[in-house]
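Report on the structure given below.
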Amino acid sequence: MRNPLPRCAALALALAMSCVHAASTRLLFFGEQHDQPDQQRQVAAEVQALATRGELAAVVLEMAEQPHRTTAVARDASEAAVREALRWQGWPWEPYAPLVMNAVRAGVPVLGGNLPRAEMRAAMADASLDALVDAAGRAALGEAVRVGHCELLPAAQLPGMVRIQIARDRALAHAVAEAWRSAPAGSTVLLLAGAQHVSRDRGVPQHLQRALVTAPPLHVVLFSAEGDGLLVDERRSAVFTPQEDHCEALRKRLAAPKPGSAPGP
């Protein structure tokens with residue numbers, strides 16, 4: 001019979017190395033309001049600073065879908081080539097270009113973390129997703145979805161839309177976990193997503209606990225003041241840029257008579 005000690009020693013060493021990795025490699029989440037340029041500028045500056053110090057392992061974005069990434073893109077690639085690698089669509093490029101290109105120029109991979117659009121319909125009907133977030137978290141997500149759809153979403157559609165949100169958070173968590181597993185010790189994996197996605201009580205951090213056996217150090221930053229009900233570690237100020245009230249514009253379009261319809265009494 002062979003001596004089992006070498007195998008045990010190897011296992012102990014592997015576990016010890018895993019603990020060292022967990023203790024020294026951190027996650028940094030930024031929650032943003034998508035139409036606020038100063039928030040994107042601040043995250044771009046954070047990406048640049050971490051990359052300059054050689055501490056940035058990967059950037060995970062809500063704005064690109066899995067499995068698209070820039071790992072096969074050269075540092076001097078054009079913005080068009082980077083957009084093609086990420087299959088960038090549905091999001092404006094200009095606000096996010098600096099932070100994406102800061103990472104690419106430093107040789108840091110940018111990973112699409114969002115749920116592919118092709119999987120959203122199945123997620124909407126997947127009732128098993130409900131159990132991944134507690135009742136309070138689902139209620140908070142439901143209110144955010146309702147307000148985010150200008151309070152015009154039919155009540156019957158709300159549970160399905162909440163499931164899509166949960167599925168997206170789970171997908172982002174899996175992308176972050178994948179990046180963390182391959183990150184060098186002492187480095188940082190950065191996630192940029194909407195504010196609701198990063199809240200500790202309902203978003204990506206909840207699903208990350210299931211995706212990783214060992215929870216790495218996590219710091220969650222939000223660009224807003226208190227009072228929004230989101231659970232984060234730090235709040236930073238940002239210059240507010242007024243935007244068009246899209247909900248008011250939508251209500252006006254819905255209220256306008258359709259071409260050819262008879263006028264009311």
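Quick notes on this structure:
- Test: residue in segment 109-126 that is in a helix (DSSP H, G or I), among the charged types (D, E, K, R), out of contact with any Gly (no Cβ under 7 Å at 6 or more places or on another chain) and buried (at least 16 other Cβ atoms within 10 Å of the Cβ): yes
- Only one of the listed residues (PRO116, PRO98) is within 27 Å of ARG202 (Cβ to Cβ) and not acidic (Asp, Glu). That residue is PRO116.
- Matching residues in segment 167-207 - criterion: being touching a residue at least 40 places away in the same chain (Cβ under 8 Å), of a type in the set (A, V, I, L, M) and assigned to a helix (DSSP H, G or I): ALA167, ALA171, LEU172, ALA175, VAL176, ALA179, ALA195, VAL198, VAL204
- Subset of segment 1-52 that is farther than 21 Å from PRO217 by Cβ, of a type outside the set (Asp, Glu) and not in a helix (DSSP H, G or I) - its residue that is modelled with the lowest pLDDT: MET1
- Of all residues making up segment 188-224, the number that are of a type in the set (Ser, Thr, Tyr) and surrounded by fewer than 19 Cβ atoms within 10 Å (Cβ to Cβ): 1
The values are calculated or read from the model by the stated rules, or taken from the named source; none is laboratory data. This is a predicted model, so every value here is computed, not measured. Neighbour counts are summed over all protein chains in view; Cβ atoms, including those assigned to glycine, are modelled from backbone coordinates with ideal geometry.
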